[in-house]
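These notes concern the structure reproduced below.
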Amino acid sequence: MVKPVIAPSILSADFSNLGCECHKMFKLRADWVHIDVMDGHFVPNLTMGPPIISSLRKAVPRGEKDGQATHFFDCHMMVANPEQWVPEVAKAGGDQYTFHYEATKDPVKLVELIKSHGLKAACAIKPGTSVEVLYPLAEKLDMALVMTVEPGFGGQKFMADMMPKVEALRAKFPNLDIQVDGGLGKETIGVAADAGANVIVAGSSVFGAKDPGEVIQFLRDTVQDSLKKKGLLD
């Protein structure tokens with residue numbers, strides 16, 4: 001069984017006020033914040049890294065509510081050498097480490113490394129990568145991420161033709177957290193939810209909204225309704 005998880009991407013936040021922006025998202029009932037780490041090699045863009053995660057963790061300490069961890073940092077590592085940064089992200093205060101399948105030669109060993117540092121382990125695939133590469137890994141993962149844009153920049157158009165990957169994962173692994181990232185908002189959430197995604201990354205559609213809390217709730221309600229219909233709701 002799974003549950004809806006809404007994870008606003010701070011790539012679309014005000015970088016001069018990242019700590020306040022994270023607090024705002026959690027006050028608006030976001031489940032996680034999604035932190036995009038880009039190294040300028042695996043993807044052409046360059047963003048934040050472990051020092052920023054560390055500063056954010058000091059500003060937004062972990063907590064607990066109803067037995068569940070709060071202020072969860074979902075770290076999406078769009079980096080050429082994901083093994084290198086596992087200890088740094090763990091030390092900085094990350095909660096989940098999402099590496100790209102395309103960036104490592106030994107994904108199983110990397111998953112073991114991530115978990116040995118107390119992090120949840122997730123694996124992402126680019127639009128051009130077959131979903132089948134995730135099948136041998138899925139039982140070891142806490143989450144799979146199907147990219148619905150090319151990784152590297154925010155604000156891209158949602159790729160609906162990625163939804164068969166989500167459907168295939170959900171059919172084979174009904175209890176797996178399945179994340180979609182790229183172009184998600186009110187106009188596209190229905191397709192993603194119907195395909196079986198339960199973890200939703202949303203950037204500009206949340207941070208650029210007049211009422212971000214209303215958008216977060218809309219995304220959650222849509223995913224929850226779909227999970228109920230599928231009999232998958234935790």
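Could you tell me how many of the residues in region 73-88 are outside any loop (DSSP other than H, G, I, E, B) and open to solvent by less than 10 Å² (accessible area, probe 1.4 Å)?
8
Within the set of pairs 6 or more residues apart or between chains, which connect a residue that is in a helix (DSSP H, G or I) inside region 55-72 to a residue that is β-branched (V, I, T) and surrounded by 12 or more Cβ atoms within 10 Å (Cβ to Cβ) with Cβ atoms less than 8 Å apart?
L56/I35
Of all the residues that make up region 30-48, how many are of a type outside the set (S, T, N, Q), modelled with pLDDT under 95 and part of a loop (DSSP other than H, G, I, E, B)?
Residues that pass the stated criteria total 6.
For region 133-147, state whether one or more residues are assigned to a helix (DSSP H, G or I), without any contact (Cβ under 8 Å) to a residue 60 or more places away in the chain and surrounded by 21 or more Cβ atoms within 10 Å (Cβ to Cβ).
yes
Quick check on region 124-132. Is at least one of its residues at pLDDT 95 or above, open to solvent by less than 10 Å² (accessible area, probe 1.4 Å) and farther than 25 Å from A195 by Cβ?
No, the conditions are met nowhere in region 124-132.
Looking only at region 187-210, filter to residues that are in a loop (DSSP other than H, G, I, E, B) and closer than 18 Å to A144 by Cα; which one of those is farthest from the chain's Cα centre (by Cα)?
Among residues in region 187-210 that are in a loop (DSSP other than H, G, I, E, B) and closer than 18 Å to A144 by Cα, the one farthest from the chain's Cα centre (by Cα) is G196.
Can you spot a residue in region 146-160 that is at pLDDT 95 or above and among the acidic types (D, E)?
No, region 146-160 contains no residue that is at pLDDT 95 or above and among the acidic types (D, E).
Looking only at region 57-72, how many residues end up being open to solvent by less than 50 Å² (accessible area, probe 1.4 Å), in contact with a strand residue (DSSP E or B) (Cβ under 7 Å, 6 or more places away or on another chain) and farther than 15 Å from Q96 by Cα?
Total meeting the criteria: 1.
Only one residue in K105, K115, K91 is open to solvent by 10 Å² or more (accessible area, probe 1.4 Å), in a helix (DSSP H, G or I) and without any contact (Cβ under 8 Å) to a residue 12 or more places away in the chain. Which one?
Within the list K105, K115, K91, the selection yields K115.
Which of the residues belonging to region 1-20 are closer than 25 Å to F99 by Cβ and in contact with a strand residue (DSSP E or B) (Cβ under 9 Å, 6 or more places away or on another chain)?
Within region 1-20, V2, K3, P4, V5, I6, A7, P8, S9, I10, L11, S12, A13 meet the criteria.
If you go through region 154-189 one residue at a time, how many are touching a Pro at 6+ places or on another chain (Cβ under 9 Å) and either open to solvent by 60 Å² or more (accessible area, probe 1.4 Å) or of a type in the set (V, I, T) (or both)?
So the count comes out to 1.
For the list (1) surrounded by 14 or more Cβ atoms within 10 Å (Cβ to Cβ); (2) of a type in the set (S, T, Y); (3) more than 17 Å from the chain's Cα centre (by Cα), I need the number of the one condition that Y97 fails.
Condition (3) is where Y97 drops out.
Taking region 211-234, which residues are open to solvent by 50 Å² or more (accessible area, probe 1.4 Å), closer than 21 Å to S12 by Cβ and assigned to a helix (DSSP H, G or I)?
The answer is E214, Q217, F218.
Take G208 and decide whether it is farther than 15 Å from T98 by Cβ and open to solvent by less than 40 Å² (accessible area, probe 1.4 Å).
no
The values are calculated or read from the model by the stated rules, or taken from the named source; none is laboratory data. Because the structure is predicted, anything quoted here is derived from the model rather than measured. Because the Cβ atoms are built from the backbone with ideal geometry, glycine has one as well, and the counts that use them run over all protein chains shown. In case anyone asks, the SASA skips ligands and DNA or RNA and just uses the protein heavy atoms, side chains included. Shrake-Rupley method; radii C 1.70, N 1.55, O 1.52, S 1.80 Å.
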